[in-house]
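Working notes, structure below.
The values are calculated or read from the model by the stated rules, or taken from the named source; none is laboratory data. Please read these numbers as outputs of a predicted model, since none were measured by experiment. Using ideal geometry, Cβ is built from the backbone for each residue, glycine included, and neighbour counts are taken over all protein chains shown.
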Amino acid sequence: MTYDLYFDDFSLGDRFTTGGITVTESAIIDFALQWDPQTFHVSREAAAAHPMGQIFASGFHTISIMFRLFAQEGIIAKCSFAGGDLQVKWQKPVFAGDTIRCEFEVVEMRALKSRPGLGALKMSHTAYNQKDEVVVDCECTHIVTTRAKAEGIVTKSSTAGDRV
Amino acid sequence: MSANPIYYDDLHIGRRVETAWHEMTREAIIAFARDFDPQPFHLTDEGGKASAFGRLVASGLHTFAVFNKLRLATEPGLAITAGLGFDKLRFMVPVDPGDRLQVRGEVFEKRLSGSKPDRGVVGWKYQSVNQRGEPVMGLEFFLMIAKGPEAMAG
């Protein structure tokens, strides 16, 4: 299902959920070999000797999965890019065989007076494992096109609308 | 670990690090975006032209992954027991195909763990800069670091 929402289509408190992706050991190792080649992300023996006790996914991998799930849902129409300050807390490790799903909620909205046709949409992104434990907690601002701009009725002199 | 371990007490406030340079090739930008950030302006020139950027640019997630790769390659001996998270991650300037990035960082915060005295939280302020010296990304990054080899044992 795709939503294809523009900035004005969102409201505070809107929530979206995704399906799950099961994270396999080979996916964990492949990602880590390229981006985070610490021993406990790529070797069973090394991970067994580490406080975690078994191979676990790089935190950068779990974040990438979250944003992949977000993009796949097609929540935001056209394009969105990162604005503002992104904050992430890695709460629990992700092990091979865990299934990660995400929930997103709109927590703040701001029209951008300096950038007519764009709005700042702050969302919480929360990733859960199959036991419904929070594995990653994230807050992120997306810069999103307004419907007016997409439909070509925003001019340089107009703003994207009142502050919501 | 083949590298000399870096423990909590080795990381004094103000300790600086500077990594090697990494080139963001067009092929790598597209490949990463396909896997993790499949938006049109990370995948094709047409998609780029139609976007607010006016051209194909790298995904912020990709720039972020490169930051970690460079950071780790420069300090492979860091005795990390857990990654905690990061704060104030922001992207200042788009990254174009062919840009080269370097990471510069400094320890700005540290405190022993309340519950586990054999480890502590260390915070770094990092920036990725491009070949023109422009900061493209900045963040504060927090890791739990062991005080000694005992904390790294399973």
Residue match in the stretch B:36-57 (condition: charged (D, E, K, R), buried (at least 17 other Cβ atoms within 10 Å of the Cβ) and in contact with a strand residue (DSSP E or B) (Cβ under 7 Å, 6 or more places away or on another chain)): no
Failed criterion for residue B:69 (all others in (1) in contact with a strand residue (DSSP E or B) (Cβ under 6 Å, 6 or more places away or on another chain); (2) charged (D, E, K, R); (3) within 13 Å of chain A (Cβ to nearest Cβ) hold): (1)
Number of the condition not met by residue A:82 [criteria: (1) under 30 Å from residue A:4 (Cβ atoms); (2) within 16 Å of the chain's Cα centre (by Cα); (3) more than 8 Å from every other protein chain (Cβ to nearest Cβ)]: (3)
Residue within the stretch B:52-60 that is at negative phi, in contact with a Phe, Trp or Tyr (Cβ under 8 Å, 6 or more places away or on another chain) and at pLDDT below 90 present: yes
The stretch A:39-51, subset in a loop (DSSP other than H, G, I, E, B) and either at pLDDT below 90 or among the aliphatic types (A, V, I, L, M) (or both), residue farthest from residue B:81 (Cα to Cα): A:49
Verdict on residue B:148 being modelled with pLDDT under 95, touching a Phe, Trp or Tyr at 6+ places or on another chain (Cβ under 7 Å) and more than 26 Å from residue B:62 (Cα to Cα): yes
Any hit, the stretch B:40-63, residues being of a type in the set (A, V, I, L, M, F, W, C), closer than 27 Å to residue B:12 by Cβ and in contact (Cβ under 8 Å) with a residue 24 or more places away in the chain: no
Near pairs, Cβ below 6 angstrom, 6+ apart or cross-chain, from the stretch A:52-73 (within 16 Å of residue B:81 (Cβ to Cβ)) to any residue that is in a helix (DSSP H, G or I) and among the basic types (Lys, Arg): A:55/A:44
Among the candidates A:71, A:96, A:57, A:48, residue that is at the interface with chain B (Cβ under 10 Å from one of its Cβ atoms), surrounded by 15 or more Cβ atoms within 10 Å (Cβ to Cβ) and aliphatic (A, V, I, L, M): A:71
Where residue B:79 falls short, out of the listed (1) at the interface with another protein chain (Cβ under 10 Å from one of its Cβ atoms); (2) buried (at least 20 other Cβ atoms within 10 Å of the Cβ): (1)
Residue list for the stretch B:97-154, filter: within 14 Å of another protein chain (Cβ to nearest Cβ), among the β-branched types (Val, Ile, Thr) and surrounded by 18 or more Cβ atoms within 10 Å (Cβ to Cβ): B:103, B:136, B:145
The stretch A:19-29: number of residues that are touching a strand residue (DSSP E or B) at 6+ places or on another chain (Cβ under 9 Å) and either crowded, with 19+ Cβ neighbours inside 10 Å or part of a loop (DSSP other than H, G, I, E, B) (or both): 2
Candidate set: the stretch A:30-45, residues that are more than 7 Å from chain B (Cβ to nearest Cβ) and among the hydrophobic types (A, V, I, L, M, F, W, C); chosen: the one surrounded by the fewest Cβ atoms within 10 Å (Cβ to Cβ): A:33
Residue count, the stretch B:111-147 (criterion: under 21 Å from residue A:86 (Cα atoms) and basic (Lys, Arg)): 1
Condition met for residue B:75 (under 15 Å from the mean Cα position of the chain (by Cα) and of a type in the set (Asp, Glu)): yes
Filtered residues of the stretch B:2-20 (kept if surrounded by 13 or more Cβ atoms within 10 Å (Cβ to Cβ) and either among the hydrophobic types (A, V, I, L, M, F, W, C) or touching a Phe, Trp or Tyr at 6+ places or on another chain (Cβ under 7 Å) (or both)): B:6, B:11, B:17
